[in-house]
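One structure below.
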Amino acid sequence: MPINSIDSLLQEERRFPPTEEFAGNAVATRSLYEEAADDRLAFWAKQARSLHWHQDFTETLDWSNPPFARWFADGKLNVAYNCLDRHVEAGNGDRVAIHWEGEPGDSRSLTYSDLTAEVKRAANAMITLGITAGDRVAIYLPMIPEAIVAMLAVARIGAIHSVVFGGFSAESLRARIDDAQAKLVITADGGWRKGTVLPLKPTVDAALAKSGEHPVTNVLVVKRGENEIAWAEGRDLWWHDALADAPAEHVAEGFEAEHPLFILYTSGTTGRPKGILHTSGGYLTQVAFTHKNVFDLHPETDVFWCTADVGWVTGHSYVVYGPLANGATQVMYEGVPDAPAPGRWWKIIEKYGVSILYAAPTAIRTFMKLGREIPQASDLSSLRLLGSVGEPINPEAWVWYREVIGGGSTPVVDTWWQTETGAIMISALPGIATLKPGSAQVPIPGISIVILGEDGTRVDPPNGGLLVVSEPWPAMLRGIWGDPERFKETYWSRFAALGDSTYFAGDGAHVDADGDIWLLGRVDDVMNISGHRLSTAEIESALVSHPIVAEAAVVGAADATTGQAVVAFVILRSKQADKQTSDEASALLRSHVAQQIGAIARPREIFIVTELPKTRSGKIMRRLLQDVAEGREIGDTTTLADTSVMQLISDKLK
Ligand code: PRX
């Protein structure tokens, strides 16, 4: 059960219309909805043309081979040029692109001219290392400006980046390097996190030392942590040396709009992460459009801060491509919110005069728990818009966010989207909408969403069902890297009987009498922990890879702060069960999962049990385990092969 239960949501009656002042200066207009409704493709073509095209396109959408979309296919553009050179050439080279704040308190500001110059050198350095268009480059970096420089440099030369979140283990990194066949890895010696240096280069070394051939020829290393690292002569190179040796000038070439831009791995319902593929023109069009209109961006005056790590899709779209395509000034912060003390975010907002903040509900709920005195110790009056992403936001957290962080006056936009959708799909547009706490509200202009029942019929409001995107959209994923069948099966088969254009997102949603959408969380075996996506199957396979484990089942249990938490039920091999106490075994397995996947996947609890609830066909009934994990009365057990199992489990856990 997600944190938003529909019963409590439907009692939510608070409404927040825009102030006249906000509405009077709003970027978004109602006419956007009208234009998009009149002619969806013409609307997107118009948005696309606000970018710079090396060669204009003649066809907006080619959907002749669904679900493989081609947007603006005969156009050519350079994504990095759109994010950099274009702004310098327009006379905005002196505008700050990034105010970067290191966790220990050091800081750097880079203007659009600075960033352009760095990216040109980095692009040339990669060319020297033999990277050419279409090659894959893995990026495993902390939140430092070089992460943005590296991504844009890869994009500039038409290579494809695969950013791997710095919290992932050597195993996970290697699996991603192998799957994408990355030739180059860009990493750092280490980065600051929670008051210490988290070493990254040793993880890259460990990943590349694992058995089997790997495709990596070079590792570029940014100096940040100043920690001692091992060095593989001939393979490893310092980033600063490579850039210093590289020519300063680089002329951006136009690539086809459908040229791949990046692969980003995300968890699905199986044990193997999926490499979600995004391409150039459509992706950049929708991230730029949404960044401008959902966040009401006034690039001359706003200071935007998206707190996500570049290792997640939110960081790709709203730290890198959206803000930079729009010539925004933004803040980037290396560390955690409570280093050195819990008020760090609020001090950063005060220091840089942040006007737009985009964060996850988990963070907001954590701040709520700590109390309003902490944010109130900083001047947050520069804030004029707040955003939420990654998981359902409960109305209490929404209202607290607006009251305490937003001074009781800022709009809060709840934005629903996914790694696969590439950009925001559902959100109210500030200045136009009357906001409802807890509801993401309406599709953005040009996006078609329907809520369907299990049988594929459209649900009549007010009612709940499954969230479906019913028309192709510019930033849509173009596939799963190397696995077109899995792409079709995962997203397009659930409602295939209704036609080629029904993308099933995996989320449940309710639509109210006004037509507003309330997200209810995943309906599949995907969990959402602090806004991060994890698969039950992936953690189960990490658990059973340990020699003491015979069987494992994982569920996402409701958690007041993190939305959901990982709870595992494990059967030990019989010999082990005698040797170890349950506490010892769970401690051992919790760290095993962290080591296999990364600390984000570490289960909150592991229960050692002797049986798991299974149907006669052997399928584990996670729903019943979820009841136990959430302390609820156990639901219907009649389909179990052995109905006494649940009694056994709950007795054991008492
Ligand atoms: O369940 C939805 C939830 O996060 C999932 C996508 O996760 P990921 O690909 O990691 O991307 C997260 C950041 C875009 C969705 O299937 N989700 C995302 N935003 C919201 C949300 N659930 C409710 N409300 C949201 N605003």
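Leaving out ligands, DNA and RNA, what percent of the accessible area of the chain is carbon and sulfur, probe 1.4 Å? Intermediate values should be presented prior to the final figure.
Numbers: 12120 of 24300 Å².
Answer for the chain: carbon and sulfur cover 50 percent of the accessible area.
Counting every Cα pair in the stretch 424-549, what percent are over 18 Å apart? Kindly include the intermediate steps, with their values, before the conclusion.
Details: 4841 of 7875 pairs.
In whole percent, the share of Cα-Cα pairs in the stretch 424-549 beyond 18 Å is 61.
When each pair of different Cα atoms in the stretch 70-164 is counted once in the 1/r mean, what is the Kirkwood radius in angstroms, to one decimal? It would help to have the intermediate numbers written out before the result.
On the way: mean 1/r = 0.0702 Å⁻¹.
After inverting the pairwise mean of 1/r, the radius is 14.2 Å.
Let me spell out the model: positive unit charges on the Cβ of Lys and Arg, negative unit charges on the Cβ of Asp and Glu, origin at the Cα centre of the chain. What dipole size does that give, in debye rounded to 20? Don't skip to the answer; put the middle values down first.
Working: 58 positive and 82 negative charges, 207 e Å.
Its charge dipole is roughly 1000 debye.
Skipping prolines and chain starts, which residues have an amide H placed within reach, meaning under 5 Å, of the one on residue 97, given they are 5 or more residues away or on another chain?
Amide H to amide H, under 5 Å and 5 or more residues apart or across chains, residue 97 pairs with 110, 111, 112.
Amide H neighbours of residue 435 under 5 Å, counting only residues 5+ apart in sequence or on other chains, H built in-plane at 1.01 Å?
Amide H neighbours of residue 435: 16.
Return the long-range amide H neighbours of residue 358 (sequence gap of 5 or more, or a different chain), with a cut-off of under 5 Å between placed amide H atoms.
305, 306, 307, 387
Can you run phi through the Karplus equation (6.51, -1.76, 1.60; θ = phi - 60°) for the stretch 275-285 and list ³J(HN,Hα) in whole Hz, with x for Gly and Pro?
With the stated coefficients, the stretch 275-285 comes to x, 6, 9, 10, 10, 8, x, x, 4, 5, 4 Hz.
For the stretch 293-395, state which chymotrypsin sites (Phe, Trp or Tyr not before Pro) are in a DSSP loop and have at most 15 other beta carbons lying within 10 Å of their beta carbon. Don't skip to the end; give the middle numbers.
Working: sites: 295, 304, 305, 312, 318, 321, 333, 345, 346, 352, 358, 367; in loops: 295, 312.
Those that pass, being in a loop and sparsely packed, number zero.
For the chain, just say rounded, prolate or oblate: build the C-alpha gyration tensor, square-root its eigenvalues into a ≥ b ≥ c, call rounded for a/c under 1.5, and beyond that prolate if a/b exceeds b/c, oblate if not. Write down the numbers at each step before the final one.
Details: a/c = 1.43, a/b = 1.17, b/c = 1.22.
Because its axes are fairly even, with a/c under 1.5, the chain counts as rounded.
At a Förster radius of 22 Å, what calculated FRET efficiency corresponds to the Cβ-Cβ distance of residue 240 and residue 106, to the nearest 0.05?
On the way: r = 16 Å, r/R0 = 0.73.
Result of the calculation: an efficiency of 0.85.
Once a ≥ b ≥ c are taken as the square roots of the eigenvalues of the Cα gyration tensor of the stretch 524-653, is the result rounded (a/c under 1.5), prolate (a/b larger than b/c) or oblate (a/b not larger than b/c)? Before the final figure, lay out each step's value.
Values: a/c = 1.62, a/b = 1.09, b/c = 1.48.
It is oblate, given that a/c is not under 1.5 and a/b is not larger than b/c.
Setting aside same-chain residues fewer than 8 positions from residue 201, which lysines have a Cα under 28 Å from its Cα?
Answer for residue 201, where 28 Å is the Cα cut-off: 120, 183, 210, 223, 274, listed by chain and number.
Give a quick list of GluC sites (Glu not before Pro) in the stretch 198-264 that DSSP marks as loop, anything other than H, G, I, E or B, with at most 15 other Cβ atoms within 10 Å.
Working: sites: 213, 226, 228, 233, 249, 253, 256, 258; in loops: 213, 226, 228, 233, 249, 253, 258.
Sparse-neighbourhood loop GluC sites (Glu not before Pro): 213, 226, 228, 233, 249, 253.
Show me, for the stretch 472-482, the HN-Hα J-couplings you get by feeding each phi into the Karplus relation (A = 6.51, B = -1.76, C = 1.60, θ = phi - 60°), rounded to Hz, glycine and proline as x.
x, 10, x, 8, 4, 4, 9, x, 9, 3, x
Let me have the relative contact order for the stretch 524-653, percent, based on Cα pairs under 8 Å that are six or more residues apart.
Details: 213 pairs, mean separation 27.0, N = 130.
Averaging sequence separation for qualifying contacts and normalising by length gives 21 percent for the stretch 524-653.
Under a plain spin-label model, where a point goes 7 Å from the Cα along Cα-to-Cβ, how far apart in nm are residue 448 and residue 49?
2.3 nm
If R₀ is 22 angstrom, what is the calculated FRET efficiency for the pair residue 251 and residue 128, using the beta carbon separation as r and rounding to 0.05? Each step should come with its number before you reach the end.
On the way: r = 16 Å, r/R0 = 0.73.
FRET efficiency, residue 251 to residue 128: 0.85.
Explain nothing, just compute: Karplus ³J(HN,Hα) = 6.51 cos²θ - 1.76 cosθ + 1.60, θ = phi - 60°, for every residue of the stretch 319-332 in order, whole Hz, x for Gly and Pro.
Working through the residues one at a time gives 10, 9, 6, x, x, 6, 4, 8, x, 7, 9, 9, 9, 10 Hz.
Relative contact order for the chain: what is it in percent, counting Cα pairs under 8 Å that are at least 6 residues apart? If you can, show how the numbers build up before the last one.
Working: 1463 pairs, mean separation 92.7, N = 654.
About 14 percent, as a whole number.
Run the numbers for residue 577 and residue 29: contour at 0.36 nm per residue of separation, minus the present Cα-Cα distance, in nm.
Between residue 577 and residue 29, full extension yields an extra 190.9 nm.
When only the heavy atoms of the protein chains count and the probe is 1.4 Å, how do 214, 240 rank by accessible area, highest first?
The ranking, largest first, comes out as 240, 214.
Rounded, prolate or oblate for the stretch 105-208? Axes are the square roots of the Cα gyration tensor eigenvalues, ordered a ≥ b ≥ c, and the cut-off for rounded is a/c under 1.5.
Numbers: a/c = 2.38, a/b = 1.05, b/c = 2.26.
In terms of gyration-tensor shape, oblate.
What does the extension gain come out to for residue 381 and residue 13, with contour length at 0.36 nm per residue minus their alpha carbon separation? Each step should come with its number before you reach the end.
Working: separation 368, 0.36 × 368 = 132.48 nm, distance 2.71 nm.
So the chain would gain 129.8 nm between residue 381 and residue 13.
Rolling a 1.4 Å sphere over the protein heavy atoms, what is the accessible area per residue of the stretch 381-438, to the nearest Å²? Please list the in-between numbers first.
Details: 1070 Å² over 58 residues.
That works out to 18 Å² per residue.
Of 141, 151, 180, which is farthest towards the positive pole of the stretch 129-185's charge dipole, taken about the Cα centre with +1 and -1 on the beta-carbons of Lys, Arg and Asp, Glu respectively?
Among 141, 151, 180, the one farthest towards the positive end of the dipole of the stretch 129-185 is 151.
What FRET efficiency, computed as 1/(1 + (r/R0)^6) with R0 = 30 Å and r the Cβ-Cβ distance, is obtained for residue 637 and residue 270, rounded to the nearest 0.05? Show your work: numbers first, answer last.
Values: r = 27 Å, r/R0 = 0.88.
In this case the efficiency is close to 0.70.
The values are calculated or read from the model by the stated rules, or taken from the named source; none is laboratory data. Just so it is clear, the structure is predicted and the values come from calculations on it, not from any experiment. Heads up, the Cβs are rebuilt from the backbone with ideal geometry, glycines too, and the neighbour counts pull from every protein chain shown. Quick note on the areas: whole protein, heavy atoms, side chains included, nothing else; ligands and nucleic acids left out. Shrake-Rupley method; radii C 1.70, N 1.55, O 1.52, S 1.80 Å.
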